[in-house]
Amino acid sequence: MKHQLATMLKLQSEMNTKVHADWRQQNFEWYRAIWIECAELLDHYGWKWWKKQTPDVDQIALELVDIWHFGLSILLLSDDSVESISDRVISGFDGQTGTGDFAVDLEQFTAATLVNKDFDIGGFARLMDGINMDFETLYVGYVGKNVLNFFRQDNGYQDGSYHKQWGGKEDNEHLVDIVAQLDSSSATFSDELYTQMKAVYQKLTG
């Protein structure tokens, strides 16, 4: 877990720097991005008492991965060492279990985010527990999304020249296929993922 955290913190710092070289001094409202994602997450869980709704666990997991990006950014702003941040996360995750009412756990997490303008590590861990999401799933989902974001940026996403469809499938579908073929425990997982995505992209787009 500590190795995976170090990898994710490194990737998040690199992505933030790619978006803005001086991101640490920009006072971006990372907490605001988190609570907006929380609202989207609740829609996937379901809250409308006047109609039948079934929680979309896969979409909830994706939203949690998005929140994790912003949470890591907040943690990086502490200027603590990667090791210190990792220890704090591991401690924050330890023993956390959901209450059994996911919507209430989400509201508590959102409230803590708004009040403290910080990342509630324990609250996030309880949300993961509420959908039986383990840390390995978070790690693979995060690295995949991070690499995809980098890949899009490197291939013209910002100027509009990049197209998500390759060979009749969206890039996130290709991502899932490639991840399934790789060893996520490898120290070079993110690099291998990027290399494979590049190879598939070049083959299909010529």
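Taking the range 136-159 on its own, how many of its residues are open to solvent by 30 Å² or more (accessible area, probe 1.4 Å), aromatic (Phe, Trp, Tyr) and in contact (Cβ under 8 Å) with a residue 60 or more places away in the chain?
1
Give all pairs with beta carbons closer than 9 Å in which a residue from the range 122-135 that is in contact (Cβ under 8 Å) with a residue 40 or more places away in the chain and outside any helix (DSSP H, G or I) meets a residue that is of a type outside the set (A, V, I, L, M, F, W, C) and open to solvent by 10 Å² or more (accessible area, probe 1.4 Å); count only pairs at least 6 apart in sequence or on separate chains.
Pairs that qualify, where the first residue is in contact (Cβ under 8 Å) with a residue 40 or more places away in the chain and outside any helix (DSSP H, G or I) and the partner is of a type outside the set (A, V, I, L, M, F, W, C) and open to solvent by 10 Å² or more (accessible area, probe 1.4 Å), are Ile131/Tyr45; Ile131/Pro55; Ile131/Gly98; Met133/Gly141.
Any chance you could count how many residues in the range 45-60 are hydroxyl-bearing (Ser, Thr, Tyr) and either assigned to a loop (DSSP other than H, G, I, E, B) or loosely packed, with under 14 Cβ neighbours inside 10 Å (or both)?
Selection size over the range 45-60: 1.
Within the range 154-198, can you find the residues that are part of a helix (DSSP H, G or I) and either farther than 30 Å from Lys2 by Cα or of a type in the set (Ser, Thr, Tyr) (or both)?
Within the range 154-198, Ser190, Tyr194, Thr195 qualify.
With the requirement that a residue be in contact (Cβ under 8 Å) with a residue 12 or more places away in the chain and in a helix (DSSP H, G or I), what does the range 24-37 give you?
Arg24, Trp30, Tyr31, Ala33, Ile34, Trp35, Glu37
Could you list, in sequence order, the residues of the range 162-200 that are hydroxyl-bearing (Ser, Thr, Tyr), without any contact (Cβ under 8 Å) to a residue 24 or more places away in the chain and either within 22 Å of Met8 (Cβ to Cβ) or open to solvent by 60 Å² or more (accessible area, probe 1.4 Å) (or both)?
Of everything in the range 162-200, those that are hydroxyl-bearing (Ser, Thr, Tyr), without any contact (Cβ under 8 Å) to a residue 24 or more places away in the chain and either within 22 Å of Met8 (Cβ to Cβ) or open to solvent by 60 Å² or more (accessible area, probe 1.4 Å) (or both) turn out to be Ser185, Ser186, Thr188, Thr195.
Kindly check whether there is at least one residue in the range 108-122 that is of a type in the set (A, V, I, L, M), open to solvent by less than 10 Å² (accessible area, probe 1.4 Å) and at negative phi.
no
Can you work out which of the residues in the range 48-67 that are touching a Lys or Arg at 6+ places or on another chain (Cβ under 9 Å) and under 15 Å from Asp134 (Cα atoms) is modelled with the highest pLDDT?
Val65
If you scan the range 110-124, which residues turn out to be within 20 Å of Glu40 (Cβ to Cβ) and of a type in the set (Gly, Ala, Ser)?
Ala111, Ala112, Gly123 - these are the residues of the range 110-124 that are within 20 Å of Glu40 (Cβ to Cβ) and of a type in the set (Gly, Ala, Ser).
The values are calculated or read from the model by the stated rules, or taken from the named source; none is laboratory data. As the structure is a prediction and not an experimental result, all values here were calculated from the model. With ideal geometry, Cβ positions are generated from the backbone for all residues, glycine too; neighbour counts draw on all protein chains shown. Only protein heavy atoms, including side chains, enter the accessible area calculation; ligands, DNA and RNA are left aside. Shrake-Rupley method; radii C 1.70, N 1.55, O 1.52, S 1.80 Å.
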